[in-house]
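Report on one structure; see the data block that follows.
Just so it is clear, none of the values below were taken in a lab; they were calculated from the coordinates. The shown structure was predicted, so the numbers you read here are calculated from the model rather than taken from an experiment. Note that each Cβ is placed from the backbone with ideal geometry, even for glycine, and that neighbours are counted across all protein chains shown.
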Amino acid sequence: MPAEAPPILDFSVFYGDDEAAKLELTAAVKKCCLHNGFFQIIGHRVPLELQEKVLEWVKNFFAQPQEEKDRVHKDSNTWNRGYERIGSQILELGTNPDLKEGYFIGEEISTDHPYFLGRKLNSGPNVWPETMLEVDDFRATSMEYYSQMHALARDVLAVIAQTLDLKDDYFREFTTGAVATLRYLHYPPQPADSDEKLARGIGAHTDFGSVTLLMQGDVDGLQVYDKEHNEWLDVVPVKGAYVVNLGNMFMRWANDRYISNLHRVINKSGKERYSVPFFYSGNPDYVIDCLPNCREEGQAPKYPPTTVMDCVGGSYKASYGAAKVFKEQPKTALETMNIVSSFSSYIYYYTIQAQLIHTKMDYEKKNVSSSAGENMSPETEIGTVVDIGDERTREFYGSSISDSYRMKSEIVNQCMEEIGMGRYQWELFVVSGFGWITDNFWSQGIGSIQPSVALEFTGVTNITLSSVAYYAGLIFGAFFWGTSADLIGRKPAFNATLIIGGLFGTAVAGLNNFTAFCIFWTIIGTAAGGNVPVDSMIFLEFVPGSHQYLLTALSSWWMLGQVIVSLLSWVFLANFSCPTDSTPATCKRSDNMGWRYTMITLGAMTLVFAFVRIAIFKMPESPRYLISKGRDAEAVDAVNYIARRNKKPEPLTLEMLQEVDRVTGGEIKAGATTKLTRSAIIKENLKDFKSINYKNLFANAQLARHTSIIWLIWLTIGIAYPLYFNFIPTYLAKRFTTNSSLSLTYRNYCIQSIVSVFGPLSAAVLVNTRLGRRWMLGASAIVSGIFLFAYTAANNKAGDLAFSCITGLFGNFSKCALYHLVVAYAIMYAFTPESFPAPHRGTATGTAATLLRLGGICASLIGTYTNFSVAPIYVSASLWIVVGIISFALPFETHGRAAI
Ligand SMILES: O=C(O)CCC(=O)C(=O)O
Ligand SMILES: [Fe+2]
């Protein structure tokens, strides 16, 4: 059977007494509802003169000069009334901005009306073009037409009620106090040479509400998608007729029995096209629950009940998920997202349709929409709704994440944006910082106590063995906690690592032999390996996209760890240690308590941190992790919990996520029933451990390149950073007299502390500029390499001048090198989790951290074998330059994009 265009039905029988004809009409309408939800009606009661007068006014309105139209631009209000320019919308991803301009009218609602106060579905006063000639007639005609359309919508719904064997007045409650929007549209002729694949009057979409009644002028262009034949059918204009189609809310209401179908406009006629759709949403407070006769006996409805407001508003919110960016000026995507979020407009829930439909098509493997997304420039004209983050993100992550996950994650992003940077995130900034602080406790701590331990313990052939043991722990820990964060969640690592580190750190103080000492440090390493990678992910996943740059600033906490360890060493080690020329035979435990006091203090502080995190701060599991595991209901709770902590309205509902499942064809996640017990969850996820999924990090060529470069950078930094930090002091100590070396060390500490606070802070500011992460990373790595070279060269020459020069030229070189090095490091720590999607973030970040520590082991080998000559510093300098160069080859920039 060939595809059939929507039939033209005579609606006049609805107003007559011919029962047989009525039944026929009902049957015909029913057939259309079941088939594709589109039909045309003639014989309605809207006078032809009124229709023509409206169309005349539509032409006149759009014929005004652009400045006049801009005076009533819809951006002047937040309830979506007024004018929208050509190209303001992209309804079909991968096509050019829609070639249409529009004007929105709705019920005249005053600002003290409960609908306005309750922000119900774009209710509010209209914006009239007061300076237009005869504006009063324009207004009166429009409002007269608007009210006639309400009446027609009620009649159409009465027939639809009959198709479901319901009474005519079944929808009375729904239509009482109903909200609806009238939209005047003008489609200029599409240039003859425009690309078929890209040019759209209005891109393929479905409508959102219950029914749409569309008056077309006399120019064709509207097409309906025929799924069965995979073709687009023309809906030819019929004088005086209305095209009637069902929207998504009706489809849900009818348990998907009735169809809300895809349609689009391509104006190839060479003429100006005008049309007037009327979108009927219904009473905002009405509860949409599966209509009678829409499911089999005993079968549960597919969707839980929801209000019209939530259903419409929910999809409107979901449209955020489409990451549509309203571009007024060249702003960053994130800044503009903030603008978008202050809009309540049909546009945005239309736009979700676009994205969702696109996906739906992908699923159906119908090659309906073009995949020419690459050609879409993000720099489209001013005033367009452009999908910057989304299209690029989509292309970059490809099949490594599902569309459903990506869209849900984008919805979460928008919710986070709405909740905003508040108390919860600032507290998290501090408690995540504990991870950085303790990382430093252990890494610096072990180095500071080793000399004292070597004096006291018997059988210590090589004290650095304990460092190797610690590093082995770090390597295991980074890998274990990183990958486990994707499998069993972020929270176990967040809670456990500090406790384990704290307990074993304290316990080290009680040890009396070297083997136990090494074993304990391995365990501490295992815990510490998870701190920074997982804590950075956690912070990232709770912070709104607009504040994502703060992730870079987190590295500042290192400094605090450093200061604490230095102070403790100064107080305890200097005063309670055996003299440096002692041996285990002469060094008594009681004279050598300094390192023990140091460890007890560090351990106790870590336990306090753990207590604050777990008992006081109370973090929910990361919503993105939960979504990646299909635990949507818990994700909703987690997001709303943060909203409550920030004293903001709860932004997320389960329906919003279900909407995504619905259109992507995924399984709808029910509410509470999906909550598994903790042990079931762990069991379920541990199964995955066998097959840690690296494939997803190499899902396409770009992602594979990205992952490889990132990991290579980490390995290289892993070697370069400790080469500099660990060997500069030793190296200097060898070169200079003991005296100046002491003050040097002291000086170095001060410089390091200052630089390690200001480095990450300034980096955080800089990565949030046009330079972005990659440029800043590349530039700072190269510059630090250059300064390292310059410093070492100057240092070699000026060796004799020693101390005096430290404050001079090469002292500055070293500070500059250090600064850039810290900056590069901080950016790397932030960029890595940011650039991977949450379902694989832990694996990618954990592996990166593993490589970093492996690099550390290489560094100590290099240091040992070169006998602390100047060579390691040259190696370090060269490696930094290598890091800088390869980071320019990274294919993806995260600045301006909220992490997925
Ligand atoms: O202009 C048309 O014919 C269709 C308009 C439409 O589909 C819409 O605005 O949703
Ligand atoms: Fe439409």
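Here are some notes:
- Comparing the range 405-444 with the 2.2 N^0.38 Å rule of thumb, its C-alpha radius of gyration ratio is 1.67 (two decimals).
- Taking the charge dipole of the range 8-283 about its Cα centre, with +1 at Lys and Arg Cβ atoms and -1 at Asp and Glu Cβ atoms, the residue from Val135, Gly87, Trp57 reaching farthest to the positive side is Gly87.
- Shape of the range 592-640, Cα gyration tensor, a/c cut at 1.5: prolate
- Segments 574-582, 510-518, 434-442 sorted - mean Cβ within 10 Å per residue, highest first: 434-442, 510-518, 574-582
- Taking the Cα centre of the range 8-283 as origin and assigning +1 to Lys and Arg Cβ atoms and -1 to Asp and Glu Cβ atoms, the resulting dipole is close to 600 debye.
- Taking a point 7 Å out from the Cα of Tyr641 in the direction of its Cβ, the residues of the range 481-511 whose backbone N falls within less than 13 Å of it are 490-492, 495.
- Hydrodynamic radius by Kirkwood, which averages 1/r over all alpha carbon pairs of the range 182-264, in angstrom: 14.1 Å
- Percentage of interatomic Cα-Cα distances in the range 68-193 larger than 25 Å: 40 percent
- Seen from every direction in turn and averaged, the convex hull around the alpha carbons of the range 478-592 projects onto 9.0 nm².
- Here, the range 27-94 is characterised by an Rg to Rh ratio of 1.12, where Rg is the alpha-carbon radius of gyration and Rh the Kirkwood radius.
- When the Cα gyration tensor is reduced to axis lengths a ≥ b ≥ c, the ratio a/c is 1.5 or higher for the range 8-283, and with a/b not above b/c it is classed as oblate.
- Farthest positive-ward along the range 199-313 dipole, Cα basis, beta-carbon charges - from Asn230, Ser269, Asn255: Ser269
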